[in-house]
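Written out below as structure tokens is the structure these notes cover.
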Amino acid sequence: MENLENEFEKIIKAHQNAIYTVCYMFSKDTDEINDLFQETLINLWKGFQDFRNESSIRTWIWRVCLNTCISSERKKKRRVETVPLSVDIDLFNDDDSDSRQIRMLYDRINQLGPFDRAIVLLWLENMSYEEIGAVIGISAKNVSVRLVRIKEELKKMSNK
Amino acid sequence: METENDTSELNDLRRMNDLLQSKLDKQAIINKDLIERIIREKSGTLSKETTILIVFTILTLPFCYWVFYSLGFSLGFRIATIAILGVSLLMSIYQQVTLIRKRKLDEDILLYAEKMQKYRRQNHLWLAIMVPVLLLWIGYFVYDNFSRSGDLHQAIALSIAGIVGGIIGAILGAVQFKRQQRMAKEIIEQIELLKKE
């Protein structure tokens, strides 16, 4: 069991940035990021013990993370047992120029629907269209078409 | 990585994301306490909230029966009240257990969303059934109240209290139902859009 825990910790640390980014893009404040992040980790741990390598570990992590964030009914329940994350940045309130740029990213991505948001995040992760399709459940061609539509939407947003 | 869709808008996103990633690279994010807490998390079929709801409802059943018995309501009314509460409780448990058992978070996003929508539709249907049942129950309450009470003023007061409470409950239920329908419709539209292309 200890080997499993160590392996889990290693895998999570390798993908922690991606998980945090997704939780940030589906949250409205820092407490929500915290809640979602820990809910995601709990779901990953529960699934890790039964993980059968039917997909790559990266695909599996992104699926669990996105499904958790998209479907989370976090408005109803707020976890009280969360442990503080070792993060000393506040992406919602920090006022340096990088943080303002990051909030622009947040504002643009947040205006997209949840599935388009997921596609953009996967694309930003440098996944191929096939990999993105495997996470979302659509063909690589659909991914390409979707990205064109997303680009058009983003263009409309920046013209407003 | 494909590049044919890289345009200025998407390039901007990439640039901003690079800033985010470089900030996150300097953070530890995960600590030993967190991992231990995650690993210790107990996996149960029912959530804590559902368990509390079940215990509360089980305690409420005999209490409701006793209150209406003390107030002199008919056996038929008491049985109807307990039946409605009991069936609601069983339905809530069934919905929670089904949802948790059917949740497979490692499925692709579309498939998972479709499944969750299916279970949510069942919940909505239940809500749609319960609101008119509640209104019927209020009617029975008023009828039984006037039938059993010798004191007209008390009967009126109790009926008004029951009707006001019932109407508030029905309105809240209807608002919740409409909100859930709207959210479900948005998700379904997006799923259809993704599948169509």
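A few points about this structure:
- Global geometry of the range B:25-135, whether rounded, prolate or oblate, following the gyration tensor of its Cα atoms and the 1.5 cut on a/c: oblate
- The mean count of C-beta atoms from other chains within 10 Å of the C-beta of residues in B:22-32, rounded to a whole number, is 6.
- Three-way shape label, the range A:28-150, alpha-carbon gyration tensor, a/c 1.5: oblate
- Exposure rule at most 14 other beta-carbon atoms within 10 Å, DSSP loop GluC sites (Glu not before Pro): chain A longest free segment: A:82-160
- Estimated 222 nm signal from helices in the protein assembly as shown, with DSSP H stretches of n ≥ 4 weighted -39500 (n - 2.57), rounded to 500: -26500 deg cm²/dmol
- Gain in span if fully extended, B:Ser74 to B:Arg40, counting 0.36 nm per residue against the direct Cα distance: 7.2 nm
- Chain lengthening between B:Ala161 and B:Ile52 when straightened (0.36 nm per residue, less Cα-Cα): 36.5 nm
- Degrees separating the helix B:152-196 axis from the principal Cα axis of chain B, which is the longest one: 20 degrees
- The C-alpha atoms of chain B define a longest principal axis, and helix B:48-70 lies at about 10 degrees to it.
- Couplings 3J(HN,Hα) for the range B:114-125, derived from phi with the Karplus relation 6.51 cos²θ - 1.76 cosθ + 1.60 (θ = phi - 60°), are 4, 5, 5, 5, 4, 6, 5, 4, 5, 4, 5, 4 Hz, where x marks Gly and Pro.
- 5 angstrom amide H check on A:Ser86, placed H, neighbours 5+ away: B:Ile29, B:Ile30, B:Asn31
- Test item: Cα-centred dipole of chain B, Lys/Arg +1 and Asp/Glu -1 on Cβ, debye: 720 debye
- Shape of the protein assembly as shown, Cα gyration tensor, a/c cut at 1.5: prolate
- Computed from Cα positions, the angle between helix B:75-102 and the longest principal axis of chain B comes to roughly 10 degrees.
Just so you know, all these numbers are worked out from the coordinates, no wet-lab data involved. All figures in this text were calculated on a predicted structure; none of them were measured in a lab. Every residue, glycine among them, receives a Cβ derived from its backbone with ideal geometry; neighbour counts consider all protein chains shown.
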